[in-house]
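Structure first, commentary second.
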Amino acid sequence: MRHRKKVKKLGRTASHRRATLRNMASALINHHQIKTTLAKAKAARSYVEKLITTGKNDSVHARREAFKFLQNRTLVKKLFDEIAPTFSDRNGGYTRIIKVGPRMGDGAEMAILQLVGFEQLIIDEQEKQKKKRKSREEKKKAKEKELAEEVPAAAEVEETKKEKEKKKEKPKKEKEAKAKEKPEKVEEAAKTEEEISAEKAKEPEKKEEPAEVPKETKTEKEQSSDAPKIEEQKEKTEESKEAKEPETEEAAKEDSEDKKGAEEDTGEEEKKK
């Protein structure tokens, strides 16, 4: 049993619980309203009200005591200059807890912890937040529209860039092709020169033939001395021809006689049969 145990542990250690309550109190002083679970709101309520009572006594000691808990000089200044003076005529009851209902998910009871007398400021802050949200949404929509418009424009720009690059690449390719052809031609010419030199090396060196000496024309005296010799040669050739002609005639006659004898023999054999 929890008799005479007033401290709500909130499922945390002492240091963790002190840190959560400090954060909740600083958020309430800064924004005048926070939304949290009902148990945390009831635990933070006592700490915030004690800070406001210390803020009514504007002294160095009171400021140091408030800073000991909040650990923030700007919040201490706001507490002593803005919040505490509004509660100068009120003795306690500086905060209000409004139950909201169960939380989606774990079903924990939710509540709003707010400062009394700052309702108008809370409403103004809520309106400012709504305006900020609307402006953010409008900016998002405008950005989305710009992006949607930029996409086709970007595509067109890319296409134009590609076309320009292609046009630039064509002369480059032609130049490269020409540059490649030139060394090939040079190589072919060098090859032909090398082949010619190799063929020359393979071929045996031709001996230089001596120039033909023109035949000396015979004189009339020499021709007259050679005339009887030429006549003798002509007579010999004619005699050889005449000797050959009767020989050929005799051979032809013998052949004809042999044929006739063979025909007579074949005719007699047929008669016998």
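Observations on the structure shown:
- If you plug the beta carbon distance of GLU119 and ALA155 into 1/(1 + (r/R0)^6) with R0 = 51 Å, you get a FRET efficiency near 0.40.
- Ascending count of other beta-carbon atoms within 10 Å, so fewest first, for MET110, MET1: MET1, MET110
- Counted by neighbouring Cβ atoms within 10 Å, the residues ILE34, ILE29, ILE98 run from fewest to most as ILE98, ILE34, ILE29.
- Inter-label distance, GLU195 to ASP58: 11.2 nm, where each label sits 7 Å from its Cα along the C-beta direction.
- Unsatisfied cross-links (Cα-Cα over 32 Å) in the set LYS78/LYS132; LYS6/LYS35; LYS78/LYS131; LYS77/LYS132; LYS40/LYS132; LYS68/LYS132: LYS68/LYS132
- Normalised by 2.2 N^0.38 Å, where N counts its residues, the alpha-carbon radius of gyration of the stretch 14-117 equals 1.09.
- Ordered by the number of other Cβ atoms lying within 10 Å of each residue's own Cβ, fewest first, PHE67, PHE87 fall into the sequence PHE67, PHE87.
Only the coordinates and a few stated rules stand behind these numbers; no lab work does. The structure displayed is predicted, hence computed values, not measured ones. Counting neighbours? That spans all protein chains shown, and the Cβs are built from the backbone with ideal geometry, glycine included.
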